[in-house]
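The values are calculated or read from the model by the stated rules, or taken from the named source; none is laboratory data. Since we're looking at a predicted model, the values are computed, not measured. Don't worry about glycine lacking a Cβ; one is built from the backbone with ideal geometry, like all the others, and counts go over all protein chains shown.
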Amino acid sequence: MRHGTTGRAATLFNMVRQLGGAIGVALLTTIIALIGATREVDGHQVANLTAYRITFLAAAAVALLGAAVALTIRDADAAESIPPRRSRRRAAHPLPEPGPASQTVA
């Protein structure tokens with residue numbers, strides 16, 4: 001990735017992340033609303049745990065789908081966008097090793 005396109009790439013990444021989060025919450029909320037968040041038991045409203053279980057299964061399915069899609073990305077295709085690793089430089093004056101806690105400098 002060229003240095004000049006980094007801003008565009010960051011903007012696109014953030015937009016897709018925000019949009020994905022909003023769509024994900026909307027999808028999961030829709031599933032709960034369709035099934036029904038509560039049910040009546042002995043005249044009392046209680047949480048419909050089946051709706052939440054199905055919603056969590058749907059979220060897991062979407063996560064697995066995303067992982068499967070991510071696994072299709074070849075390293076060779078992504079290599080152009082990965083910056084080269086910088087080597088660690090040694091400090092010109094290394095820090096002294098810490099001494100025992102009982103020694104204090106006045």
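For the stretch 22-65, the set of residues classified as under 27 Å from the mean Cα position of the chain (by Cα) and of a type in the set (Asp, Glu) is empty. Report, by residue number, each residue of the stretch 35-49 that is outside any loop (DSSP other than H, G, I, E, B) and either of a type outside the set (Asp, Glu) or in contact (Cβ under 8 Å) with a residue 12 or more places away in the chain (or both). Within the stretch 35-49, Ile35, Thr38, Arg39, Val41, His44, Gln45, Val46, Ala47, Leu49 meet the criteria.
Taken over the stretch 50-92, residues that are without any contact (Cβ under 8 Å) to a residue 40 or more places away in the chain, assigned to a helix (DSSP H, G or I) and exposed (fewer than 10 other Cβ atoms within 10 Å of the Cβ) amount to 10. Candidates are the residues of the stretch 1-21 that are over 15 Å from the mean Cα position of the chain (by Cα) and of a type in the set (Val, Ile, Thr); the one that is farthest from Ala79 (Cα to Cα) is Thr11.
Which one is nearest to Ala9 (Cα to Cα) among residues in the stretch 65-106 that are at pLDDT 65 or above and polar (S, T, N, Q)? Among them, the one singled out is Ser81.
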